[in-house]
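One structure is given below, encoded as structure tokens.
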Amino acid sequence: TIAGTVAGYPLKGGTINGWTYYEHQVTGQTTVAVSGTGNIDELRLYPKGAQMTTYTYSPLIGVTGSIDPKNNASYYEYDGLGRLQNIRDKDGNIVKHTDYHYQGQ
């Protein structure tokens, strides 16, 4: 539960890999406290009308995932040389694949 949640919220979105999307709109609060049971994978807190993109990183690899302002997730895969190879959507579908060729191949 989140104190100050506006009537009509939370909105419940889809569930992917066991994680369910919830959206709360909060008003009249100077601090926000989240209580209850369960795990939180990501918590975004920003002013109404703002946009946010979040990224996940893996040491020595780089960006491994991102979520854009419309809550679309992308996951990044790299080859053995650390070059970006695939970008996948939230369902694991490849949306972009890159092959690298050396000159003369």
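Rule-based calculations on the coordinates, nothing more; no lab input. This structure is a prediction, so every number in the text was calculated from the model and none was measured.
Brief remarks follow.
- Gaussian network model of the chain, Cα within-10 Å springs - most flexible of Glu42, Glu23, Glu77: Glu42
- Listed by chain and number, the lysines whose alpha-carbon sits under 23 Å from that of Lys96, ignoring those within fewer than 8 places in the same chain, are Lys70.
- GNM top mover of Asn39, Asn72, Asn86 - the chain, alpha-carbon springs below 10 Å: Asn39
- Kirkwood Rh in Å, taken over all unlike Cα pairs in the chain: 16.7
- If you model segment 1-46 as an ellipsoid using its alpha carbon gyration tensor, with each semi-axis the square root of five times an eigenvalue, the axes come out at 20, 12, 9 Å, biggest first.
- Applying 0.36 nm per residue to the separation of Ile16 and Lys96 and subtracting their alpha-carbon distance, the gain on full extension is 26.7 nm.
- Pairwise centroid distance, computed over Cα atoms, of segment 3-18 with segment 52-105, Å: 28
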